[in-house]
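Here's the structure we're looking at; comments come further down.
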Amino acid sequence: MRQELPTAALHAYPKTLPLFIAGREVQGGGASFEVIDKFSGETLSTGREASEAQLEQMIEAAQSAFNKGAPSPYERGAILDRAAALLIERSAQMKQVIQAESGFTAADANAEVTRCLQTLRLAGEEARNLSGEMIPISGAPNQGNRIAFTMRVPLGVVLAVTPFNSPLNTVTHKIAPAIAAGNAVVVKPSSATPATTLMLAAILRDAGLPDGLLSVLLGGGSITQRAIADPRVRFIAFTGSTGVGRQIQQSAGLRRTQMELGSIAFTVLCEDADLNVAVPKVVGASFRKAGQVCTSVQIALIHRTRFEEAKVRFAEAVAKVRYGDPAVEGTVTGPLINRAEAERVESWIHEAIEAGAECLVGGKREGSVVQPTLLTGVTSGMRVMSQEVFGPVLCLVPFDTLSEAVSTVNATPYGLATGVFTNQLGPALEFARKLEVGGVHINETSSSRVDLMPYGGSKDSGFGREGPRYAVEEMTEERIVTISI
């Protein structure tokens, strides 16, 4: 049993979970589901998935609202700004809801809200800044009597499919740019963390978003596939596993998508790395949210001349990471999303140890909590090296040359982000040029992210970019307009 779940969090969490259809909360007509406390396993709430008829209502309402025309760019920006103000007013309740359903610590829940505020405000700015560019058409032969410019126009209905591990900010990174661009949105949150999205939808409604421009679809793979198959959906934004992303992309056909998928995240510590800076940052990035972040550091590549020293430093730091009940102050690593995932991570750790890896810290599971685990002596044949762990496991691997480190990172099918600790400009730029990843962060870890920057991967980590400015571009079409005079 948990030591202490804040009473406010329990009171804040809804006892039943409705759908959100065009500004109205209604009970689902499909199969029932439960949302559980990720630490205790106790039932927090129940709900019903959307029926096919309710999905049709959502998409029809979205298409109808889009056809009527979204508010002006100025008003869309104002709606998003008002939503940010309402989130501040309701932040205490939002944090409680996040903590109750996600298993996050108070610090992680607070970070979700703080970052969401920035995402809403940035999207509001992008709504007001939406524009095309002048084309120098008169520079072409016989075109002196023409002018040309581009416009960015919305696509229509956007389907956003979002994960459990960032139940507020990742959802906002889909919804807010879509609204800023003038689209209508149907969002399908994780069934493990639906209340956060429902609360965000209510905030946007109360901020003045017209009915029909946002609906929240609750349900599993079957109803999601039906939504994807609907030709009225013009754009699909997905964050989740590479396997599911591949299925969605196959179903999307010629429609546009944005895919933020799986990863094996590396951070490289070069020979001149400042361990006083690097070790705490890597440990923090490995074990927050129980390692359930696609950019959580899974493998630290360490120059062989510093490996033994770094191994000692990492072992000392990981041993101090508090884990267990996320409601207890000071906890860093809480539960995984469910017991089955915790058992999977535990089995991968044991499998690596049996194959010759050394466990320096952790390695055990208690319910849905896996101890922060530090491994060395891992090889490419082990799943902790060749697949995404998505749990609180950090592997230390030595390297000898820069080219070896680059090859090790590039050898995986993934390419989301890599951190590099070095104070030498030459190696830093070499990594930036040669790593096949969406982001290279010098003297930061792979999980370094600021919400205004472009964020996305390459190879099996997906394509397209989040970050309000870049997502707005993804969710609009560029239209050329010419005028002969």
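Descriptive notes on the structure:
- Among the chymotrypsin sites (Phe, Trp or Tyr not before Pro) within segment 49-132, not one is in coil by DSSP while having at most 14 neighbouring Cβ atoms inside 10 Å.
- Rounded to the nearest 20 debye, the dipole magnitude of the chain is 880 debye, with +1 charges on Lys and Arg beta carbons, -1 on Asp and Glu beta carbons, and the Cα centre as origin.
- Cβ-defined net charge surrounding Ile223, 14 Å radius [Lys, Arg +1; Asp, Glu -1]: -1
- Other residues within the sphere of radius under 9 Å centred on the Cβ of Ser102, judged by their own Cβ, net out at -1 (K and R +1, D and E -1).
- Residues in the chain average 39 Å² of solvent-accessible surface per residue, probe 1.4 Å, ligands and nucleic acids excluded.
- Summed over all non-identical Cα pairs, the Kirkwood treatment of segment 155-314 gives a radius of 17.7 Å.
- In Å², nearest 10: area of Asp400 left accessible to a 1.4 Å probe: 80
- The chain: relative contact order as a whole-number percent, Cα under 8 Å and 6+ apart: 18
- For Thr376, the shell of other residues with beta-carbons less than 9 Å away shows a net charge of 0, using +1 for Lys and Arg and -1 for Asp and Glu.
- Given R0 = 45 Å, the distance between the Cβ atoms of Asn129 and Glu60 translates into a calculated FRET efficiency of 0.90.
- Working from the Cα coordinates of segment 1-121, the gyration tensor eigenvalues give, after taking √(5λ), semi-axes of 29, 23, 9 Å in decreasing order.
- Expressed as a whole percent, the accessible surface of the chain that belongs to carbon and sulfur atoms is 52, based on a 1.4 Å probe.
- Taking the C-alpha atoms only, the angle from helix 275-287 to the longest principal axis of the chain is near 60 degrees.
- Dipole magnitude (debye, nearest 20) for segment 335-443, charges at Cβ of Lys, Arg, Asp, Glu: 200
- The modelled label-to-label distance between Asn443 and Ser241, using points 7 Å beyond Cα along the C-beta direction, is 3.9 nm.
- Estimated [θ] at 222 nm from DSSP helical runs (n ≥ 4, -39500 (n - 2.57)) normalised by residues in the chain, nearest 500: -12500 deg cm²/dmol
- Links that overshoot a 29 Å alpha carbon limit, given the list Lys311/Lys459; Lys281/Lys434; Lys95/Lys320; Lys174/Lys364: Lys311/Lys459; Lys174/Lys364
- Restricting attention to the chain, close to 40% of DSSP beta bridges with both partner residues there are antiparallel.
The values are calculated or read from the model by the stated rules, or taken from the named source; none is laboratory data. Not measured: the values here are computed from a predicted model. Cβ atoms come from the backbone with ideal geometry, glycine included; neighbour counts cover every protein chain shown. To get the accessible areas, we keep the full protein, side chains included, count just its heavy atoms, and leave off ligands, DNA and RNA. Shrake-Rupley method; radii C 1.70, N 1.55, O 1.52, S 1.80 Å.
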